[in-house]
Structure formats: structure tokens, C-alpha cells
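Beneath this line is the structure, given in C-alpha cells, with notes to follow.
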Amino acid sequence: MARFYITTPIYYPSGEPHLGHLYTTLCADALARYHRLAGDAVHFLTGTDEHGIKMVKTAAEKGIEPAELAEQMMTRFASAFEEFEVTNDDFIRTSSDRHKAGAQAVVNKMLDAGDIYLGSYEGWYDEGQEEFVTETEAKANEFKSSISGRPLTRFTEPSYFFRLEKYVPQVIAHIEQNPGFIRPESRRNEVLSKLKQGVSDLSISRRTLTWGVKLPNDPEHVLYVWIDALSNYVTALGYGLEEGSRDQGIEGSREATGSPSSPRSLDASSLDPFRMFWPADVHLIGKEILWFHTVYWPAMLLSIGEPLPRCVYAHGWWTVVNPETGKAEKMSKSLGNFIGIERLREYSQTYSQDAVRWYMLRAAPFGTDLEWSDVEFTRAYAELANVLGNGLNRTLKMVHKYRDGLVPDPTAGTLVDDARLLLDEAAKLPAELAAAYAELELQRAAMLPLNLARQMNAYVDATEPFKLAKNPARSDRLDAVLHHMVQAIFRALVALLPVLPHKAAEGLGQLNIDPAGRTMAELLEAGVPVGHKLGEGTPLFPRVDVPA
Ligand code: MSP
């Protein structure tokens, strides 16, 4: 059994969650669902990044403590994910004891490796991004953030540094030798060329902050929020727990945070989540945080002697055209141009939650930027209704009308060319789907099953079963046509389970099939048995009358 560890970024709970956050999380959810159906042992992690200057400032503006802000807002993220039925296995908060102990263990390892030294930092900082900016970059952007356009801040203070420069050759070599490490391809070139321009050591502590993880060697300093945040991918698996429990009784506090107690006590290394799931298979992120994940994080892992993640995939941004400049800008809280959870809830109520999932994946090839369009949304919904919904409906209707709802035996019917096409398409589906998911081509993964349903509809149009039904001499042929219709729509629905979890299951329910307990491969292989009694059909995607 393969194992599959997938993560989303941990989100800053400094503002409300929006489409962008939900997008990454739902894309990761589709991957997690696919891998579970493929029979893999899946671990899907998301969470909140609760430290950093942005949190401190936002809390101050609201007149509350950062801890209070974190507490209030993380529940917004957690409940939005719950509402949209995200199947994450864990939710890590960087303010939790289990994370803080783990992050300190990471720093201790880096200290042991001789990779941290005391220096002083003078320079520019992008507070929105929580990112140090070089003099050259700052100048090039007129001392404003390249992401949010807000002014950079300048600061000077004693700071611990991580020997990032030392690891640059190894990071470059890793990226060059592992073409799948940074995806899509274009992003890989972007990182490589920036790396080759040279990278300095990284300031990793702030003395002027108290909100954060204290440096284990010097508690006057708080850990730089990105070092803190990136560690979440291992602390959530219990990294550093042994050291922690020996020294500070972390095991107890881990339980106090409500997280599941550690299976380590069972003394079975196969049950150790860190050993079982690290390295991650996919860190799914937005493209603005690629550098942190493909340079800082790998260097940290090299420093602590742990393997690097298999793939960092940077997807595109949901953008909004700025009416003043005519340019597409990243949808974000700071620009105030986002589609919030409220609005997504309305779409869900009108069109179903699966329609929202579908539109997100369908809107553009995965990895490229996207733009929300109501017209495109209704088109995407109509596509589901016409191709999948109608395909299922006409299949059910005809099998009930002509064969009492029993799946007919096709063997007596002659196999004509049009059926061959459909069967070929169906036969190719498992491998094509596996390839699309492996490559994280999520738009393709969503479209493949729909294309099979489309082919099925074309087959029906070509074979005209309603005419065959009028001619008793063609009864064998009708059996074959109906049989192939059932198999094709069944396979399309099975393959859509990761993307349309409700609608695909509902469709399978109408075929009177419960997919539970079987892998996708088993389901696709088995098909629907001859003689199986189909259920009743009701429109999967009812007509929606939207007020003009
Ligand atoms: N806390 C850091 C990440 C630390 S990961 C160790 C952070 N948080 S964030 O709240 O700003 O969330 C950023 C992520 O949200 C992006 O990488 C992306 O996954 C998602 N998105 C936020 N806005 C987005 C769009 N407009 N479009 C698509 N995804 C976006 O950065």
C-alpha cells in the first residue's frame, strides 16, 4: 500500500478565509480523495500560521491580543473547511504546544549542525508576505511589496542567522536532478535562475517580538515566522516529540491541545506518523510562496538531516481586474477584492457544493491564473447537467423502459465501431486518470470522466436506441447499446468521486451501486454486472433559474 502525504500552506488567520484559501484546500482535497480511493494510506494536513508581525499588527488594530485574534480567526478557517467538507486528517496550529516544541526541536537540530549564528540584521521587510527583501529588490519595487504594493518597513536589530548560503549548491543540485520536485516546469526555471543569482544567509529571529516560538538557545528571540511555519509539515507528524517529551513533558501538552495521542507509545515504528509519512508527497501552495518552499525549506531539511519533499506544486492565483489600471491583480484580503466564504456559500446553495468544486477545477488548466466569472460558472454547471446529468438520466430511463431496469447482456449483440470507440475510451480511463493525478493536472483529471460521459451521449445519438426498441429483430443490438451506456456512465461517475463527492455518489446511488469498501481500480474493473437492477433516476443537476 502506497502512502501519500499532502499538505496545504498553513493560512494566516489575520483575516477571513476566502476563495484563494478554499481553492488550495479543495484542490488538495480532490487529490487526497483520489489517493484514498486508489487504496493509498493518505495523510492530508492543513492548518493556520498564527505568528508573525502581520498577526501582531492586526490584533493591535482590533485592540486585542494576537492569541485572541488567532483563536477567533482560526475557527473561521476550520469551520469553512468543515462546511466545504474538506477531508483533512489533521489541522495544525502554530500556536499549539505540539507545534512549538517541534519547531524548537528543528532549531535545536540546526544549532547542532552549526548552521545558526548571531549577527545583526539591517534591511527591508515585507510585512504582508512576512519576507525579508534585499536592497536591490526593494529599490526595483520603489520600496513597496511586489505582492501587495504596500510600503516595506525597515529595521535594524541583533538577529540569529541560518547558513542558507551553505546549502544553495545542494538545493540547486536537488532541483536540477529531480525534475518533479518543483512543478509546474516554468516555476522550476524561475527558482533556479533566482538561486543562481546568489543567496545570502537568512535572518531567522526577531528580538522586538514576543508573539511566536522562542529560540531554544536564546528565549529573548522569537523565531522568524517562515522558519516557524515551514516546520509545521513535520511538527504535525510529531517531529521532535521524543526530545520534547524527555525534556519538557510535551506528550501531556500534546494531548491537552486535543490532538490525537501519539501512537509512538505503542513502540511500533511503523505507526510513527513521522517515519510513516515523511517526506511529503506534495506541498500544494500558491505561487507567491514558492521561494520559501523550494529554497528555505529544503535548506532547513538538509540542515536537520531529513529527506526533502517529493514535490512542491505552485498553482496560480485567482485574480481580479483592477478597474483603475486594467490589470489583473491577485485576489487578497489586503487588496479587499476577494470572493468570500459567504458568496461561495450562496453558490453552493444555488448550484450545490460540488458545482463550486467543479468550477474551481474546470476554470483553467491547473497551475495557471484564474478569474472568477459568473457566466463561466453557469456554463460549467450546464455542462455537468447536460453531459453527466442527462447521460445518467437517459440511461436509467431507457433501461427501465426497455429492460425493466435490469442491465442487459451484450454478448449476443454485434459490436459495431461506435461501441468500440466508447469501450476504448473507458478502458483507457484508469491509466489516464492516474497519470493526470500523478502530474497534478487537476483540470484534466476532472475532464477525463466527463469526456467519457460525452462520448457515451454521442454513442446514444449515433445508435438511436429508441428506434432499435421499435424493431424486435434488433433486440440484441439494443441489449448491447444499453449495456455499454450503463458501463460508461458508471465509470464516469466512479472516476468523478474525488471531484464531485456528493453528486458522483448520488449518481452511483441511482445506479443502485454503493462504492464503499472498493478501490477505484476495483470498481472500474468490475463495471456493473449483467442482470443488476438499476435504481430510479432524478436529475442530478436540476435546472437553476437565476434571476437576471
Ligand atoms: N502563512 C503563509 C503560508 C505558510 S506555509 C508554511 C501564507 N498564508 S496566507 O494566508 O497568505 O495564504 C497563502 C495561500 O493561500 C496561497 O499560497 C494560496 O495557497 C492561497 N491563496 C491566497 N490567495 C490566493 C489567490 N488569490 N488565488 C489562489 N490562491 C490563493 O502565505
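The values are calculated or read from the model by the stated rules, or taken from the named source; none is laboratory data. If you're wondering where the values come from, they're calculated on a predicted model, not measured in any experiment. Here Cβ is always computed from backbone atoms with ideal geometry, including for glycine, and neighbour counts include all displayed protein chains.
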- Query: Is it true that some residue in the stretch 59-67 is within 19 Å of Arg343 (Cβ to Cβ) and among the acidic types (Asp, Glu)?
  - Reply: no
- Message: Checking the structure you have, find out if any residue of the stretch 528-539 is touching a Ser or Thr at 6+ places or on another chain (Cβ under 7 Å), of a type outside the set (Gly, Ala, Ser) and within 25 Å of Lys428 (Cβ to Cβ).
- Response: no
- Kindly establish whether Asp49 is more than 11 Å from the ligand (Cβ to nearest atom), of a type outside the set (S, T, N, Q) and either closer than 21 Å to Gly286 by Cβ or surrounded by 24 or more Cβ atoms within 10 Å (Cβ to Cβ) (or both). no
- Check whether at least one residue in the stretch 377-386 is closer than 18 Å to Tyr23 by Cα, out of contact with any Phe, Trp or Tyr (no Cβ under 7 Å at 6 or more places or on another chain) and without any contact (Cβ under 8 Å) to a residue 24 or more places away in the chain, and report yes or no. no
- Message: Tell me yes or no: at least one residue of the stretch 121-132 is over 23 Å from His221 (Cα atoms), outside any strand (DSSP E or B) and modelled with pLDDT under 95.
- Response: no
- Message: Tell me yes or no: at least one residue of the stretch 324-333 is part of a loop (DSSP other than H, G, I, E, B), of a type in the set (Ser, Thr, Tyr) and within 16 Å of the ligand (Cβ to nearest atom).
- Response: yes
- Out of the stretch 34-46, which residues are part of a helix (DSSP H, G or I) and surrounded by 23 or more Cβ atoms within 10 Å (Cβ to Cβ)? Tyr34, His35
- Note on the structure: Scanning the stretch 3-20 for residues that are surrounded by fewer than 24 Cβ atoms within 10 Å (Cβ to Cβ) and closer than 12 Å to Arg310 by Cβ, the one nearest to the ligand (Cβ to nearest atom) turns out to be Phe4
- The listed residue being modelled with pLDDT under 95, surrounded by fewer than 19 Cβ atoms within 10 Å (Cβ to Cβ) and among the small types (Gly, Ala, Ser), out of Ala473, Ala469: Ala473
- List every residue pair whose Cβ atoms lie under 7 Å apart, where the two residues are 6 or more positions apart in sequence or sit on different chains, the first residue falls within the stretch 413-431 and is modelled with pLDDT under 90, and the second residue, located anywhere, is in a helix (DSSP H, G or I) and surrounded by fewer than 17 Cβ atoms within 10 Å (Cβ to Cβ). Gly413/Asp476; Asp418/Ala462
- List every residue pair whose Cβ atoms lie under 8 Å apart, where the two residues are 6 or more positions apart in sequence or sit on different chains, the first residue falls within the stretch 319-344 and is closer than 11 Å to His18 by Cα, and the second residue, located anywhere, is more than 13 Å from the ligand (Cβ to nearest atom) and of a type in the set (Val, Ile, Thr). Leu344/Val356
- Query: Just checking, which of Ala435, Ala521 is without any contact (Cβ under 8 Å) to a residue 40 or more places away in the chain, surrounded by fewer than 17 Cβ atoms within 10 Å (Cβ to Cβ), under 23 Å from the mean Cα position of the chain (by Cα) and over 26 Å from Ala412 (Cβ atoms)?
  - Reply: Ala435
- Apart from one, (1) more than 10 Å from the ligand (Cβ to nearest atom); (2) closer than 26 Å to Tyr239 by Cα; (3) in a helix (DSSP H, G or I) all hold for Phe77; the odd one out is (1)
- Task: Report whether or not Glu342 is outside any helix (DSSP H, G or I) and more than 12 Å from the ligand (Cβ to nearest atom).
- Result: no
- Query: If we only count helices (runs of 4 or more DSSP H) wholly inside the stretch 237-314, which ones have 3 or more residues that are modelled with pLDDT of 95 or more and under 19 Å from Pro216 (Cβ atoms)?
  - Reply: 297-304
- Output the qualifying pairs, or none if there are none: Cβ atoms under 7 angstrom, residues six or more apart or on different chains, first residue in the stretch 1-15 and more than 13 Å from Asn88 (Cα to Cα), second residue more than 8 Å from the ligand (Cβ to nearest atom) and small (Gly, Ala, Ser). Met1/Gly39; Met1/Ala41; Arg3/Ala41; Pro13/Ala70
